[in-house]
Amino acid sequence: MSKWNLDTEAVGVVLETVAGHFGEEGSGEGFVGIFDELQDSLEQAGEYSKDDAVNMALMEFAGHYFGVLGGMASLTTSAISGATQATIHYIEGDLENAEEAQRNAGVIPDPEP
């Protein structure tokens with residue numbers, strides 16, 4: 001990147017807004033809260049169902065979509081973190097690390113074995 005010109009205050013507002021929509025673990029708000037509610041609802045449905053086929057379908061649904069939602073959560077966390085770090089480096093005048101942080105925003109590291 002050859003030139004940076006950030007309105008850091010506006011970036012901060014956007015990051016705060018996105019983080020608010022994403023939510024925090026245990027807060028019951030945002031994407032994380034909806035994910036928790038979905039998990040609780042599926043568990044309740046499984047407890048109330050007396051049908052093995054229904055329970056199997058619920059487990060297959062959860063297995064697939066929890067993976068998709070988990071990927072969305074990881075990507076969102078990475079994007080927020082990367083944008084935050086890039087902005088901090090920009091404010092500090094460290095454009096090289098700002099560029100590196102920007103490049104890494106949205107990169108999801110492989111899980112540890």
task = Round to the nearest 10 and give me the degree value, 0 to 90, for the angle of helix 30-48's Cα axis relative to the longest principal axis of the chain.
result = 10
query = Going 7 Å from the Cα of Phe31 toward and past its Cβ, which residues in the range 70-101 have a backbone nitrogen under 14 Å from where you end up?
reply = 70-83
key: Helical mean residue ellipticity (222 nm; -39500 (n - 2.57) per DSSP H run of 4+; nearest 500) of the chain   = -26000 deg cm²/dmol
query = Calculated FRET efficiency, Asn55 and Ser78, Cβ-Cβ r, R0 41 Å, to nearest 0.05?
reply = 0.75
request  = Give a quick list of GluC sites (Glu not before Pro) in the range 60-105 that DSSP marks as loop, anything other than H, G, I, E or B, with at most 13 other Cβ atoms within 10 Å.
outcome  = Glu92
message = Can you give the FRET efficiency to the nearest 0.05 for Asp110 and Leu42, using r as the Cβ-Cβ distance and R₀ = 22 Å?
response = 0.20
note = Diffing the range 11-28: the Karplus 3J(HN,Hα) column from phi (6.51, -1.76, 1.60, θ = phi - 60°), in whole Hz with x for Gly and Pro, holds 4, x, 5, 5, 4, 5, 5, 4, 4, x, 5, 6, x, 10, 4, x, 7, x
ask   = Glu29's amide H: which non-local residues (gap 5+, or another chain) put their own amide H closer than 5 Å, with H modeled 1.01 Å from N in plane and none for Pro or chain starts?
value = Glu24
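Any read-out appearing in this document is the output of simple, stated calculations on the displayed coordinates, not a laboratory observation. What you are looking at is a predicted structure, and each value in this text was computed from that prediction instead of being measured. FYI the Cβ positions are ideal-geometry reconstructions off the backbone, even for glycines, and counts take in every protein chain you see.
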